[in-house]
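In what follows, a single structure is set out as C-alpha cells and then discussed.
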C-alpha cells in the first residue's frame, strides 16, 4: 500500500479514525492494539479510545486479539482489523446480539471465517494463550478453541445485503474500490 493502512485517506479522514468514529456509533469502549513502534496513532486521542501497544513487533493478530481482550473493561468485544474501510457499526452490533451463550460469534464470508470482524468474550484470551503456548499463530484456530457460533453468509446478507462491512482493503485496487463504494472515488 506504500503506507500504513490505518493512515490511508478515506474521504479526508485517516482510515483508523473512520473506523473508530463508526464504531463509536454503537460502542462506548474502543481498544486499539498498535505496533510497539507507533508513537502516534491517527485519530487518537478520541474520548473513550484506549491504545495499547504490542510488547514485541510481529507477534501477529492472534496475540493482538488476546492483548485487546485483556485490556477491556467490558466482558464482550467486537474485534476488527484496520482494513475494513466500509465497516458498519450496526452490523457489528447485530453480531454482538447473537452471542447468547457462545464465547464468540464469527462470520463466514466466501467460505472463509472472518475472525477480525467478530465478537468475543473477554475469557477467549485464555484460549488464545493456550493456543500460543502450543505455537499456534493462526487467528482462525481460535474459532475451534472456543465455543463459537459461526454465522453463515446467508444470514449475514440479511444484515448487510452487499457484505460491504466485510470488504478488506489489502491492495491499492481494493483501496480504490472502497473509495468508490463509499462515494469518494471515481466511478468506473
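The values are calculated or read from the model by the stated rules, or taken from the named source; none is laboratory data. The structure presented is a predicted model; accordingly, all values stated were derived computationally and were not measured. So basically every Cβ, Gly included, is an ideal-geometry build from the backbone, and we count neighbours across all protein chains shown.
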Failed criterion for residue 50 (all others in (1) buried (at least 17 other Cβ atoms within 10 Å of the Cβ); (2) free of Cβ contacts under 8 Å to residues at least 60 places away in the same chain; (3) touching a strand residue (DSSP E or B) at 6+ places or on another chain (Cβ under 6 Å) hold): (1)
Qualifying residue in segment 122-138 (condition: out of contact with any helix residue (DSSP H, G or I) (no Cβ under 7 Å at 6 or more places or on another chain) and buried (at least 21 other Cβ atoms within 10 Å of the Cβ)): no
Condition check for residue 87: closer than 30 Å to residue 10 by Cα, buried (at least 21 other Cβ atoms within 10 Å of the Cβ), at pLDDT below 95 and under 11 Å from the mean Cα position of the chain (by Cα): no
Residue within segment 147-170 that is closer than 19 Å to residue 5 by Cβ, surrounded by fewer than 16 Cβ atoms within 10 Å (Cβ to Cβ) and in contact with a strand residue (DSSP E or B) (Cβ under 9 Å, 6 or more places away or on another chain) present: no
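What are the residues in segment 94-117 that are over 17 Å from residue 157 (Cβ atoms) and either touching a strand residue (DSSP E or B) at 6+ places or on another chain (Cβ under 8 Å) or crowded, with 20+ Cβ neighbours inside 10 Å (or both), if any?
Scanning segment 94-117 gives 96, 99, 100, 102, 103, 104, 115, 116.
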Odd one out for residue 115 among (1) within 19 Å of residue 26 (Cα to Cα); (2) in a loop (DSSP other than H, G, I, E, B); (3) within 15 Å of the chain's Cα centre (by Cα): (1)
Residues that are modelled with pLDDT of 90 or more, touching a helix residue (DSSP H, G or I) at 6+ places or on another chain (Cβ under 8 Å) and not in a helix (DSSP H, G or I), drawn from segment 54-77: 76, 77
